[in-house]
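Input: a single structure, listed below in structure tokens.
The values are calculated or read from the model by the stated rules, or taken from the named source; none is laboratory data. Keep in mind that this is a model prediction, so the values were computed, not measured. Virtual Cβ from ideal backbone geometry, glycine too; neighbours counted across all protein chains shown. Calculation scope for accessible area: heavy atoms of the full protein, side chains included, ligands and nucleic acids excluded. Shrake-Rupley method; radii C 1.70, N 1.55, O 1.52, S 1.80 Å.
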Amino acid sequence: MRIELQNLTVALAFAAAGFGTSALLAGYSFFPSPFWPPAGIALAAALLSGNRAWPGIFAGAFFVNWRLFGLPLPLATAISLVNVATPVLGALLVRWTTRSKQPFFRLRHVVCFIVFGALVPACLAASTGVALAVASGLVPPQGIDSAWWRWTLSEAGGIFLLGPTLILWCSVRRRQRQPGNFWEAFTVAAATLSFAVAVFLGIRASVHPFEGLPYLLFAPVLWLTVRCSLQAATALLSAVALIAIGGTLLGLGPFHLLGSTQPLLNVGLLLVVLGTSTLAMGALVSERRAAEEKLRRMNETLERRVARRTEELHYRATRDGLTGMANRAYFFERGEAMLAEAHDTGRPLAALLIDVDGLKVINDSYGHHMGDSAIARVAGACRAVLRKDDLGGRIGGDEFAALLPDTDEAGARGVSARIAEALRSASTEGLEVGASIGVAVSESSDGGLDALLRRADAAMYAEKQSRSGGGR
């Protein structure tokens, strides 16, 4: 049902555009008209819907050729087939060369659209159509060149008039989000349309000193392309083109100056050149923004990698590789600051010195891997008991230390007991790991962390002696 609805929409749009064009341009020479907007509708439908759009294109084209232009049935059918074949072929070539339904965001894609989406279909349609018209006697042989050029410009002008606008606004692709805001786009568009009305509907004299005024339209259209979006620019281009065509048809505007005999031809040339420039500028802007976005993502990735690497290096520089606790250098660095703060505030700072019992025996009897396991158990017991603001570290092969802010001797001995209990609870694999723990509290006479730890070490040694009666 969706395909049928799409084809019906294409057929009605093609027929309506053909009817409007025929009504407006009825007084200008033979078919084709100086502009053929249905060509833009056909290409947009073929590019967005693929080969499925051909029935709608054919139905609309046949209605226009047979009923509106009154062509004989065989000729109307033949030209309608041309109206189908050329946009379908152009769309296939565009999608094959760009791999995109919206070939407007890379300069190479825009070139492919101009060549394969506009020029090739226009030339093929003109060549086949003029040949059929000559064979039917509608075009005299001596008028082939003129008819071919007018037909080609008619197709190309129609494609640039509506094709990009329809493709950009009807595509399912997410529209570009660009720096320009709505009010900027509205202001530029309103000023441009006012200028176009003044130029193409306001100039009435047969001689005017500013016949080049239409080319000033390049500036605002390109401004909108750069600052806002290609969608807005192509929509403005289509609106300006309609104003230019309407004014020129009324015998007004600069293209009637100086006795010009082909005013609509000049409008068509302006439209093709302005459309080409707009698409090219849009592609360049899109490529630049894509490059900037890629660079931004690369910078963010690099910053994340640097941050991770910095954290990793900091961790390696401050942590013991086996236990993950502070290493000796970092423990003493932080510990000196904690001791200085305790002295400044007068608050107590307790120190624990923890020695793994019998680590040499464990290494000799069970292997160094079991010795590492014993060290890891002690570290785990410390982490399970110590608070967030406490500082624990491995300061030697079998020695750990901890600093406990705002903790007196009684509190420190409670922490010591909980560490010993956690260590006993963690004993597994038939291997019990014990530790001797000495406690000391900071005194004003402590000249540094070494002094505090020496007193904790002496307390730990005394405890070990009292338990075993032997050496460390």
> Using the Cα gyration tensor of segment 306-431, with a ≥ b ≥ c the square roots of its eigenvalues, what is the shape: rounded (a/c below 1.5), prolate (a/b larger than b/c) or oblate (neither)?
Replying inline: oblate
> What per residue convex hull volume, in Å³, comes out for segment 203-323 when only alpha-carbon positions are used?
Replying inline: 105 Å³
> What is the mean projected area of the alpha carbon convex hull for the chain, to one decimal in square nanometres?
Replying inline: 38.6 nm²
>> I need to check one value: relative contact order of segment 33-85, counting alpha carbon pairs closer than 8 Å and at least 6 residues apart, in percent.
In response: 35 percent
> Which listed residue (LEU73, VAL240, LEU166) has the Cα farthest towards the positive end of the charge dipole for the chain, taking +1 on Lys and Arg C-beta and -1 on Asp and Glu C-beta about the Cα centre?
Replying inline: LEU73
> What net charge is computed for the residues neighbouring ASP364, neighbours being all others with C-beta under 15 Å from the C-beta of ASP364, Lys and Arg scored +1, Asp and Glu -1?
Replying inline: -2
> Over segment 48-175, what relative contact order in percent results from Cα pairs under 8 Å that are six or more residues apart?
Replying inline: 23 percent
>> Give me the dipole magnitude in Debye, nearest 20, for segment 241-338 about the Cα centre, with unit charges on the beta carbon: positive for Lys and Arg, negative for Asp and Glu.
In response: 260 debye
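Mind checking the full-extension length gain between GLU311 and LEU295? Use 0.36 nm per residue of separation minus the Cα-Cα distance, one decimal, nm. Can you show the working numbers first?
Details: separation 16, 0.36 × 16 = 5.76 nm, distance 2.39 nm.
Computed gain between GLU311 and LEU295 is 3.4 nm.
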> Using alpha-carbon pairs under 8 Å, 6+ residues apart, how would you state the relative contact order of segment 230-299 in percent?
Replying inline: 34 percent
>> If each residue of separation counts as 0.36 nm, what is the full-extension length gain between TRP149 and ARG288 once their alpha-carbon separation is subtracted?
In response: 46.4 nm
> Using the per-residue mean of other Cβ atoms lying within 10 Å as a proxy for protection, in what order, highest first, do the peptides 280-293, 92-105, 116-129 fall?
Replying inline: 116-129, 92-105, 280-293
> How would you rank 185-192, 296-303, highest first, on the average number of other Cβ atoms within 10 Å across their residues?
Replying inline: 185-192, 296-303
> DSSP loop trypsin sites (Lys or Arg not before Pro) in segment 359-431 with at most 14 other Cβ atoms within 10 Å of their Cβ, which ones?
Replying inline: ARG387, LYS388
> Per residue Cα convex hull volume for segment 1-120, in cubic angstrom?
Replying inline: 102 Å³
> Using the membrane-span-like helix rule (whole DSSP H runs, Cα extent along the own axis of at least 27 Å, mean Kyte-Doolittle hydropathy at least 0.5), which helices of the chain qualify?
Replying inline: 2-24, 73-98, 144-170, 182-202, 230-249
> Once fully extended, how much extra length lies between ALA191 and SER127, figured as 0.36 nm per residue of separation less the alpha-carbon to alpha-carbon distance?
Replying inline: 19.0 nm
> Round to a whole number: what % of the accessible area of segment 50-145 belongs to carbon and sulfur, probe 1.4 Å?
Replying inline: 70 percent
> For SER425 and ASP344, what is the calculated FRET efficiency with R₀ set at 35 Å and r taken between the beta-carbons, to the nearest 0.05?
Replying inline: 0.35
